[in-house]
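S.K.: Here it is: the structure, laid out below.
Derivation of every value follows stated rules applied to the coordinates shown; laboratory data play no part. Owing to the predicted nature of the structure, the values given are computational and were not obtained by experimental measurement. All Cβ positions, glycine included, derive from the backbone under ideal geometry; neighbour counts span all protein chains shown.
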Amino acid sequence: MPLIDPTVVDLSRLQFALTALYHFLFVPLTLGMTMILAAMETTYVITGKQVYKDMTQFWGKLFGINFAIGVATGLTMEFEFGTNWSMFSHFVGDVFGTPLAIEGLMAFFMESTFIGLMFFGWDRLSKPAHLAITYLVALASNLSALWILIANGFMQDPKGASFNPDTMRMQFNSFVQLVFSPDAQAKFVHTSIAGFVTGAMFVMGVSAYYLLTNRHKEFAARSIRMAAVFGLISTLAVVTLGDALGRLDDLLQPTKIAAIEGLWHTTTSPAAPWLVAALPDDKTQSNVFEIGVPYVLTPLITHTFDKSIPGLIDLEGAAGPKILNGIKAIDALQQYSTTHDAASLATFKQYEDDMGYGFLAQQNAPNQDLNAITPAEMPAVVQQTELDTVPNVFVTFWAFRIMMFLGFYFIALFAFMAYFSLKNQLENNRFLLKLCMISIPAPILACEFGWITAEAGRQPWSVYGWLPTFQAASSHNVGYMVFSLIGFALLYSLFIAAELYLMFKYARLGPQSHDHAAPVAGTGALPMFAKPGFAAKSWE
Amino acid sequence: MKTFTKFLGLAVVLLIAIVLAVLCGDYGPWYFAWLVGTTMIILIAVAGGVLFETQLETQKKGS
Ligand code: HEM
């Protein structure tokens, strides 16, 4: 019986993907709303107009619902590293644990404390002090995301650590290298600002609903103005950082960028087309059809006009010698672990850089035992492992394209909304307002597809080049995995249902009826605003 | 005295900003870009809000 059950690995992956994608339904809104609240409250402090305070409080309330439900969904993943990915935790725990621990501290101490002060401090703190707290909430929520992205950056490009043959695990060498890794940096900015886009679309979409239903018009017009401007610049920044991430993938993860671009063969001329659409077939390693724009791919990916981009089939071929070296590295490591002699250590050091490829070959060895491969079997094992070195192209290609096309759609939508807001013609554009409403979930969708691009594109590795995903899982039985998977799916669906119910309820209710139109039947004021005299204030 | 303290406070903030810019700009260009960019995004959104009020005032005066 093989040591590692592939079904358990697949179920562990499915469970992590499910919990991560569920969790990330909440995260971007938190990242973005806090910044928008900071902008709204700044406008309140500058102009002294009550409406901006009310805006901060109302959107703050919706942010609060999202935060309260969302924070619980993140916790399980930290435990999953221990329960389902114990080999991963053993192998990189020294390095990975540090950013995760800091994130825990950030989220639970800094972020939560300031959120408490933000909600309950309105009557107790001076205007500038409360504003400072709102900025700290925004900073803290984004800083806690920073540490997760640093941890993820390590999985994409392991910087700041090396393998220790005595402990058989990765050893932490440099905190600075880990934190300032270029991949972690670009990831953080791309993801954090993707959150800004999500927050802006949420504010714009809900406000569009008020304009369409002829309610809270003054409130909605101001919210749209701020959200459209905020969203437009943020989306431009997301696209810029997306380009930087693509460039880094070209430098650090050639298999990922080739999968993103559906590139099977190395480009030989600068005229290589950038594929707008294609149907990649992973089995035949070719694209069934493709529509491309010539001369775009090379400058887009390499930022030059002449460099070639390696294709997947050539990358598989190039992995052959690495696989053979990796098998030698593991053989030497096994010897060293029993003898601790200098000769086997020297052999291991010689092939150490390719050790991960040896681990990868293990799944194709008889009984997953590299020592059991006979010389006659070796070419077949290497050939099979070569095929395993590339990710699923169909998934990576399309996940990337959906995210990217949505990005350009957001630019257009925010630009139109900013333009019509400046021209004071929002209400005449009912089609655009409806589009804003139905686009509320679109940035969340783009984020989900972004993560699919990043994670599916990194396969077959959990730590790129070092630790294959199938080696990283725990040795559970299938029944346990199926049971916990169903449990998570049910529990998380409950969270989503609660979020949607509360969000719809409070967004429908709206801030309160400030405009002079009669409230629509069934809509009242939010309890927090329902103080005597509150409704009498005028925003104009 | 109050003005002097304010001046001193702002000078310290400026110094921190410069040190941050030099260090961050060297080691963490994207982190630095995030700090500057996020500040800009917020300030431009705030300017959008303030402009809204100015437009409203002008409209009221005109009518
Ligand atoms: C032209 C537009 C865009 C480009 C070129 C782009 C590029 C990329 C790339 C290459 C990755 C994979 C990074 C990796 O290798 O790990 C990625 C991931 C991601 N993207 Fe995008 N993206 C774009 C638009 C967007 C938009 C509009 C959003 C959401 C509003 C978004 C959200 C994300 C997220 C959440 C991730 C996963 C986290 C990360 O790896 O940074 N992206 N993007």
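S.K.: Report, to the nearest 10°, how far helix A:342-351 tilts away from the longest principal axis of the Cα atoms in chain A, using its own Cα long axis and a range of 0 to 90°.
M.R.: Approximately 60 degrees, to the nearest 10.
S.K.: How much mean residue ellipticity at 222 nm does the protein assembly as shown get from its helices, if each DSSP H run of length 4 or more adds -39500 (n - 2.57) and you divide by all residues, to the nearest 500 deg cm²/dmol?
M.R.: -24000 deg cm²/dmol
S.K.: With a point put 7 Å past each Cα toward its Cβ, work out how far A:F120 is from A:M437 in nm, to one decimal.
M.R.: Inter-label distance under the simple model: 3.8 nm.
S.K.: If I model a spin label at A:N371 and A:V293 as a point 7 Å from the Cα along the Cα→Cβ vector, what separation in nanometres do I get?
M.R.: So the two model labels end up 5.7 nm from each other.
S.K.: Oh, and also: In whole angstrom, note down how far apart the Cα centers of the range A:1-28 and the range A:298-314 are.
M.R.: Taking the Cα centre of the range A:298-314 as reference, the centre of the range A:1-28 is 32 Å away.
S.K.: Over all residues in B:31-44, what is the mean tally of Cβ atoms on other chains that come within 10 Å of each residue's Cβ?
M.R.: Counting Cβ atoms of other protein chains within 10 Å of each residue's Cβ and averaging gives 6.
S.K.: Follow-up question, since we're still on this one. Could you work out the relative contact order of chain A, using alpha carbon pairs under 8 angstrom and six or more residues apart, expressed as a whole percent?
M.R.: 21
S.K.: With r as the distance between the Cβ atoms of A:N164 and B:A11 and R0 = 45 Å, compute the FRET efficiency 1/(1 + (r/R0)^6) and round to 0.05.
M.R.: The pair B:A11/A:N164 has a calculated efficiency of 0.40.
S.K.: Fewest first, what order do A:T47, B:T54, A:T198 take by the number of other Cβ atoms within 10 Å?
M.R.: The most exposed by this proxy come first: B:T54, A:T47, A:T198.
S.K.: Take peptide A:177-187, look around each residue's Cβ out to 10 angstrom, count Cβ atoms belonging to other protein chains, and average those counts.
M.R.: Average per residue, whole number: 3.
S.K.: So how tilted is helix A:393-422 from the main axis of chain A? Cα-based, degrees 0 to 90, rounded to 10.
M.R.: 20
S.K.: Applying the Karplus parametrisation 6.51 cos²θ - 1.76 cosθ + 1.60 with θ = phi - 60° to the phi angles of the range A:323-328, what ³J(HN,Hα) value in whole Hz is obtained for each residue in order, glycine and proline being reported as x?
M.R.: 5, 4, 4, x, 5, 5
S.K.: Rounded to the nearest 0.05, what FRET efficiency do A:F108 and A:A343 have when you use their Cβ-Cβ distance and R0 = 35 Å?
M.R.: With a Förster radius of 35 Å, E is 0.10.
S.K.: Mind checking which lysines have their Cα closer than 17 Å to the Cα of A:K328? Skip sequence neighbours fewer than 8 apart in that chain.
M.R.: Within reach: A:K349.
S.K.: Just rank A:E41, A:E499, A:E377, fewest to most, by other beta-carbon atoms within 10 angstrom.
M.R.: A:E377, A:E499, A:E41
S.K.: OK, next. Once you put a point 7 Å from the Cα of A:A72 and another 7 Å from the Cα of B:Y27, both along the Cβ direction, what distance in nm separates them?
M.R.: 4.0
S.K.: On to the next question. Could you list, in their original order, any pairs among A:K49/B:K2; A:K217/B:K60; A:K187/A:K322; A:K49/A:K127 whose Cα atoms are separated by more than 22 Å?
M.R.: Beyond 22 Å between Cα atoms: A:K49/B:K2; A:K187/A:K322.
S.K.: What is the helix-to-structure angle for B:2-27, meaning the angle in degrees between its Cα long axis and the longest Cα principal axis of chain B, kept from 0 to 90 and rounded to the nearest 10?
M.R.: 70
S.K.: Let me ask something else. Please list, by residue number, everything in the range A:226-256 whose backbone N is under 13 Å from a paramagnetic label point 7 Å out along Cα→Cβ of B:A47.
M.R.: Within reach of a label on B:A47, which here means backbone N under 13 Å from a point 7 Å along Cα→Cβ, the range A:226-256 contributes A:229-230, A:233.
S.K.: Round to a whole angstrom and tell me the spacing of the C-alpha centers of chain B and the range A:450-494.
M.R.: 42
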